[in-house]
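Visitor: Shown below is the structure under consideration.
The values are calculated or read from the model by the stated rules, or taken from the named source; none is laboratory data. Note that the structure is predicted; figures quoted are calculated from it, not measured. With ideal geometry, Cβ positions are generated from the backbone for all residues, glycine too; neighbour counts draw on all protein chains shown. Accessible surface is based on the protein model in full, side chains and every heavy atom, while ligands, DNA and RNA are left aside. Shrake-Rupley method; radii C 1.70, N 1.55, O 1.52, S 1.80 Å.
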Amino acid sequence: MGAIREFKCTYSNSVGISAETTAGLGLEFPDAYMHSETMQVLAKAIKAHDNSEFVLLPFCRTVEAESMGAVLNYGDANTGPRAKDPICADLDEVMALPEIDFGKNRIHEVLDACAALKSEGETVCLEVTGPFTILNALMEPRLVFKAYRKDRDKMKLVFEKFSEQLLRYIEMGKKAGVDIFIFSDSAGALDILGPRFLTNAVEDFYDPFIRKVSDVMDESCIFLLCPKFTYALTDTGHAEFREHQLEPGTDFLKAMLDMKRTAKIGGQVCIKNVGVKLAHGIFREIVMK
């Protein structure tokens, strides 16, 4: 086991929410972020602007935390929803938060939008947010790291709580027809946690969570890790690559869709880097050891 490599995020052609993207859509913000119908309009607009072949939901990394009670600033036509004031002072308060109700509020609207877009023939990608990004919307970030340092066992309980909720979210996404699940956790990356905390987090959350995700995936869908966490898993010895030879120059999105029947987890490329090609045609499946 060597040092965890840093993956430099280079995608710049996925614009996300911007005034240029939302201009002329006739939507009111932030209300447009709240409803399935307007989410569908936004997703298609971003797809068209990026000249991509998939729609991606949601437009922020706050849906899961909001569903647990987080307070948000819902943004405007230029910026999507983001965390506002923390609601928890410690991990005990996080543990006391309610389970996600997938039948109401914005997370329900996201799933409904996924199902509607799928019914129209779209390739649907759903981004799932990891535990540190969720925690940073619920607590002051400095308190999150302090809590992890002082009481790792209690943090493991929080991770278990989040894992159960995220797996339910993925199951609901499968029912809605999601083709590709994308996992990111910007607040849990190497440059934020550092190698020691990230190694602990791999053991405490990412490894057991990804194993459970692998069991959920079937020929209808595939899971895409942010490459930052591909490195975290492989460089700590928890996972390895299994190579599959495809046609050289295959578009990565096509590769992901083609591999649904063969692989469970991908993670060599960020799909938001629209149009990226596999020059040598090698798809690297992530396999847990």
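Visitor: Counting only residues that are of a type outside the set (V, I, T), in contact (Cβ under 8 Å) with a residue 60 or more places away in the chain and either part of a strand (DSSP E or B) or open to solvent by less than 70 Å² (accessible area, probe 1.4 Å) (or both), how many does segment 173-201 have?
Guide: Summing the residues that are of a type outside the set (V, I, T), in contact (Cβ under 8 Å) with a residue 60 or more places away in the chain and either part of a strand (DSSP E or B) or open to solvent by less than 70 Å² (accessible area, probe 1.4 Å) (or both) in segment 173-201 gives 10.
Visitor: Which of the residues that make up segment 173-201 are farther than 12 Å from C221 by Cβ and within 16 Å of the chain's Cα centre (by Cα)? So that I can check it myself, show each step before the final result.
Guide: Applying the first criterion (farther than 12 Å from C221 by Cβ) to segment 173-201 yields 183-201.
Passing the criteria: F183, S184, D185, S186, A187, G188, A189.
Visitor: Here's something else I'd like to know. Looking only at segment 147-157, how many residues end up being open to solvent by 80 Å² or more (accessible area, probe 1.4 Å) and either under 14 Å from D92 (Cβ atoms) or touching a helix residue (DSSP H, G or I) at 6+ places or on another chain (Cβ under 6 Å) (or both)?
Guide: Final tally of qualifying residues: 3.
Visitor: Another one. Look at segment 236-266 and say how many of its residues are open to solvent by 40 Å² or more (accessible area, probe 1.4 Å), part of a strand (DSSP E or B) and touching a Gly at 6+ places or on another chain (Cβ under 8 Å).
Guide: Total meeting the criteria: 1.
Visitor: For segment 88-104, state whether one or more residues are open to solvent by 40 Å² or more (accessible area, probe 1.4 Å), part of a helix (DSSP H, G or I), within 30 Å of K260 (Cβ to Cβ) and not acidic (D, E). Let's see the steps before the verdict.
Guide: The initial filter retains those residues of segment 88-104 that are open to solvent by 40 Å² or more (accessible area, probe 1.4 Å), namely 89-90, 92-93, 95-96, 98-99, 101, 103-104.
So of that shortlist, the ones also part of a helix (DSSP H, G or I) come out as 92-93, 95.
Filter once more, so that each one left must be within 30 Å of K260 (Cβ to Cβ): none.
Among the residues of segment 88-104, not one is open to solvent by 40 Å² or more (accessible area, probe 1.4 Å), part of a helix (DSSP H, G or I), within 30 Å of K260 (Cβ to Cβ) and not acidic (D, E), which makes the answer no.
Visitor: Pull out all pairs, ordered by first then second residue, where Cβ-Cβ is under 8 Å, the residues are six or more apart or on different chains, the first lies in segment 41-60 and is over 22 Å from A255 (Cα atoms), and the second is basic (K, R) and not in a helix (DSSP H, G or I).
Guide: C60/R82
Visitor: Could you tell me whether R61 is modelled with pLDDT of 95 or more and among the basic types (K, R)?
Guide: Details: modelled with pLDDT of 95 or more: no; among the basic types (K, R): yes.
Taking the combined requirement at face value, the residue does not satisfy it.
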